[in-house]
Structures are given as structure tokens and as C-alpha cells.
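> Sharing a structure, written as C-alpha cells. Questions coming.
The values are calculated or read from the model by the stated rules, or taken from the named source; none is laboratory data. Quick caveat, the model's predicted, so the values are computed rather than measured. No Cβ is skipped: glycine too gets one built from the backbone with ideal geometry, and neighbour counts run over all protein chains shown. Accessible surface is based on the protein model in full, side chains and every heavy atom, while ligands, DNA and RNA are left aside. Shrake-Rupley method; radii C 1.70, N 1.55, O 1.52, S 1.80 Å.
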Amino acid sequence: MSEWREYNLGSVIDIHDSKRIPLSTMQREKRKGVYPYYGAQGIIDYIDDYIFDGSYLLIAEDGENLKSRQSNVAFQVKGQFWVNNHAHIVSSNELSNQALIYYILNSIDLDQYITGSAQPKLNQEMLRSIIVTLPPRPIQDAIAEVLSSLDDKVDLLTRQNATLEALAQTYYRQWFIEDNDNNTIPVSQIATLENNSINPARQPLEPFYHYSIPAFDNAQTPAVELGKTILSNKFIVPPNVILVSKLNPITPRVWRIDKHVKPNSVCSTEFQVLKPHNEKHYLFLYCLMKSKDVVSSFAMSTTGTSGSHQRIRPEYILEIETPEPDEKRLIEFNEIMTPMMDKVSRNQAQILTLQKLRDTLLPKLISGEVRVKQ
């Protein structure tokens, strides 16, 4: 550890904030293009020009996420892009490995550097003052390579899953919408909402697998929580069901629960538990709920005035109409889709394993507790 030294972040990075140019929504409307326009938490638009070209680290300058840490406060960006004034843009200098700075900033407590309670802010002065502990550059490079290799594998599996999900939608649309002349039926003819309530707090020391909205957003990973920490009633999650979020349907959250669901699995009442009458409709329903037509229909059927708290009526899920699936096509569809979705599930399990390995290694590597070969 004698090789590890403390630095002010400002001494190991170069800051390029002076080159940032914010554009209003109206200005961006007139400048639509192919270049990403970044804000505090990622891409918020695409415009017709770029300011930066290369590999940089963006660090949120303001926003509630600086306190809640629901997602990373720093993210790596490569290529040609534009940045507004809600994200610091930095690059490493000769003293630091940029990827390692990314991992460190997303893992350490930044509360002492955040100002403002109503609008948390990490201003440039405080950004420069963040204390980081770094080994010599060759060791930094080796640590970053180990961590990046795990994230590269996660990224590959994530892209594989996206491709398989897109392929499933292509089959679904071709076979059950475009090439299907059957009469339409409501979803209620093939499925029901099985919202059986349970109060986990009555089993205070029992572990529960909690399918919540934050858990969905966190790589679709149910949280394992003791019953005493779950303070309200939930719905029981049985095998072979589809969880459909009624909250903010413009951001669709459709969670496929297969036959391997753990005992004591429960979900937020923001989800509706859609159960097919017959398992042959399980994957069909999953694709139906994820289809663009249904997502658009949900978005137009919301109640509530707040943009962040709009919901659909649970009954509306059963009122959705779809051409009745052809029986022969349904058999073929399940023969193709079942191994595809099994692959998606295996990939998802591997992603979670890799992320846990990375998160376990990260503090040990950056503290020097675990050494890597250079």
C-alpha cells in the first residue's frame, strides 16, 4: 500500500467544462441529427453537430441522483458528441487511468462534496477537491483492464439479449399481426390478473425476492429483503406469469417470470400479475405486452396529471384487443421462442454474476487488498 498515494481529483484529470454549450429544447428541435447530446445522466437528444471527439468521462454536475445514487454519477463516452452544462467533461492526464477514475467515482461516497439539498450540485471546485487514492500508473492500468473486461462481457451479453428480444418481436408481429386474419379478442379471453396479496412483514425474518420498479430498472434483479423491511402489502409472484407495470407506461416495464421463480417471490403493487389461462399463451402474451402497439395504447390511456405518476387502470390490460393467435402458428412460435428466451434468462443470470464479481473485486482492487499482475 506504500505505493498508493492520495490525490485531489483535480490534479489527476483535465477538465473541459469551458467548451460545453447548452442548447434549449427549441434549439435542439431545429437541429435534429445523429450526434448524441448528453446531460447529467446520459443521452437526452440527438443533434446535427458535435463539440467533442474522443474518449472522455462525464460526471453529473447536478441532479437528485447525486444524492440517491440510483444510477452511476460518472459514465464513459467515446466518439463525437455534444454536452450541456449539467455534466462535467473530463479526461485523465499522465497520472491517472480514465477508466479507473470512472470506477472509483461510482463507488466512493461523494456526500461531503455535494452542495444544496433541494437541488444537489457537484460544482467544479468540489469536483477538483475529491480525494482519490491511486497506485502507480502501471498498476492502475492493470486494475482498469480487469474491471473493464468484466464490463465488456456484461455489455456483450446485454446486446445479445437485446437482439434476441428484437427477434422475438419480429416473429410476433409477422405471425400474429401482419399475417393473421383472425378476429380480434380481448386479452381477458386468454389471461387473467392474478393479484394475490401478501404482507411480508408478518414473516419478519423470512427472506423475500422483491420484484419492484427500482429492481426492474436495476438490470431486472429482484432484491432479496427480509419480511420486516418490506412495509406494505405485495402481490405473490407465481411461475410463468408476466409482470406489467401500470406506472408511467411511456417507460414500459414488462417482466417475464419463468418457471424457475424462487419461493417467497413478491412484487410491488405497481406491477400487475398477468397469468395466461393456458401456458401456450405465455410467450405470446409477453411479446404482446412489449409490442409497440400496446405500449402506445397504454401511454394514451393513463390517468393522473403528474408526468412522473401517470398510471393505467389495471383492468385496461385485460381490455387490450389482439387478433386471436392461430393455433398452429402458436405451436411453432413456442418451439422457436422457448430456447431463445431460455438463452436470454441464462445471459441475464450470467450478467448478474459478472456484476457481483465486479462489485466485489472493485473495493479490494482499488484499496490494494487484491493485487493484479501487470
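> Step by step: first the residues of region 200-225, then only those that are among the hydroxyl-bearing types (Ser, Thr, Tyr) and in contact with a strand residue (DSSP E or B) (Cβ under 8 Å, 6 or more places away or on another chain), then the one that is farthest from LEU352 (Cα to Cα). Which residue is that?
Checked region 200-225; the qualifying residue farthest from LEU352 (Cα to Cα) is SER212.
> Enumerate the pairs (first residue in region 273-299 and of a type in the set (S, T, N, Q); second residue anywhere and surrounded by fewer than 19 Cβ atoms within 10 Å (Cβ to Cβ)) with beta-carbon separation below 6 Å, excluding pairs fewer than 6 apart on the same chain, so at least 6 apart or on different chains.
Here the result reads none, with nothing in region 273-299 linked to a residue that is surrounded by fewer than 19 Cβ atoms within 10 Å (Cβ to Cβ).
> Taking the options GLU335, GLU315, name whichever one is within 17 Å of PHE176 (Cβ to Cβ), in a helix (DSSP H, G or I) and acidic (Asp, Glu).
Criteria check complete, one pass: GLU335.
> Got a number for residues in region 78-102 being open to solvent by less than 10 Å² (accessible area, probe 1.4 Å) and under 21 Å from GLN355 (Cβ atoms)?
2
> Provide a single number: the residues in region 1-29 that are farther than 20 Å from SER55 by Cβ and without any contact (Cβ under 8 Å) to a residue 24 or more places away in the chain.
Looking only at that region, the number is 7.
> Also: If we scan region 119-126, do we find a residue that is within 30 Å of TRP255 (Cα to Cα), modelled with pLDDT of 95 or more and open to solvent by less than 50 Å² (accessible area, probe 1.4 Å)?
no
> Follow-up question, since we're still on this one. Quick check on region 271-292. Is at least one of its residues within 18 Å of GLU165 (Cβ to Cβ) and among the charged types (D, E, K, R)?
Checked against the condition, which is being within 18 Å of GLU165 (Cβ to Cβ) and among the charged types (D, E, K, R), region 271-292 yields at least one hit.
> Same structure again: Whether any residue in region 140-162 is under 22 Å from ILE317 (Cβ atoms) and touching a Lys or Arg at 6+ places or on another chain (Cβ under 9 Å) is what I want to check.
No, region 140-162 contains no residue that is under 22 Å from ILE317 (Cβ atoms) and touching a Lys or Arg at 6+ places or on another chain (Cβ under 9 Å).
> Another question, if that's okay. Report yes if some residue within region 157-169 is within 24 Å of LEU66 (Cα to Cα) and either in contact (Cβ under 8 Å) with a residue 12 or more places away in the chain or among the basic types (Lys, Arg) (or both); otherwise report no.
No.
> Cβ contacts < 9 Å: first residue under 19 Å from LEU105 (Cβ atoms) and touching a residue at least 40 places away in the same chain (Cβ under 8 Å), restricted to region 42-57; second residue open to solvent by 70 Å² or more (accessible area, probe 1.4 Å) and among the polar types (S, T, N, Q), any location; separation 6+ or different chain. Result?
Every condition considered, the pairs that remain are SER55/GLN76; TYR56/GLN76; LEU57/GLN76.
> Quick one: ASN180 ticks every box in (1) touching a strand residue (DSSP E or B) at 6+ places or on another chain (Cβ under 6 Å); (2) within 30 Å of GLU270 (Cβ to Cβ); (3) among the polar types (S, T, N, Q); (4) open to solvent by less than 50 Å² (accessible area, probe 1.4 Å) bar one, so which box is it?
All conditions are met except number (2).
> Continuing with this model, one more query. Looking for whichever is over 25 Å from PRO239 (Cβ atoms) and open to solvent by less than 50 Å² (accessible area, probe 1.4 Å) here; the options are ILE185, ILE131, ILE143. Which one fits?
ILE143
> A further question follows. Can you find, within region 219-235, the residue that is least open to solvent (accessible area, probe 1.4 Å) among those that are hydrophobic (A, V, I, L, M, F, W, C) and assigned to a loop (DSSP other than H, G, I, E, B)?
Here the answer is ILE230.
> Identify all residues within region 8-54 that are among the basic types (Lys, Arg) and surrounded by fewer than 15 Cβ atoms within 10 Å (Cβ to Cβ); write none if there are none.
Answer for region 8-54, where residues must be among the basic types (Lys, Arg) and surrounded by fewer than 15 Cβ atoms within 10 Å (Cβ to Cβ): LYS19, LYS30, LYS32.
> Let me ask you something else. Does PRO136 count as open to solvent by 70 Å² or more (accessible area, probe 1.4 Å), within 30 Å of GLN98 (Cα to Cα) and touching a residue at least 12 places away in the same chain (Cβ under 8 Å)?
The answer is no for PRO136.
> When the residues of region 325-359 are narrowed to those that are farther than 21 Å from VAL254 by Cα and among the acidic types (Asp, Glu), which ends up most open to solvent (accessible area, probe 1.4 Å)?
GLU335
> Does GLN112 satisfy being more than 15 Å from ILE15 (Cα to Cα), buried (at least 19 other Cβ atoms within 10 Å of the Cβ) and either in contact with a Leu (Cβ under 9 Å, 6 or more places away or on another chain) or not basic (Lys, Arg) (or both)?
Considered against the rule, which asks whether it is more than 15 Å from ILE15 (Cα to Cα), buried (at least 19 other Cβ atoms within 10 Å of the Cβ) and either in contact with a Leu (Cβ under 9 Å, 6 or more places away or on another chain) or not basic (Lys, Arg) (or both), GLN112 comes out as no.
Quick grid of which residues meet (1) modelled with pLDDT under 95; (2) not charged (D, E, K, R):
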site: GLN41; (1), (2): yes, yes
site: TYR46; (1), (2): no, yes
site: TYR56; (1), (2): no, yes
site: GLY63; (1), (2): yes, yes
site: ARG69; (1), (2): yes, no
site: TRP82; (1), (2): no, yes
site: ILE89; (1), (2): no, yes
site: SER92; (1), (2): no, yes
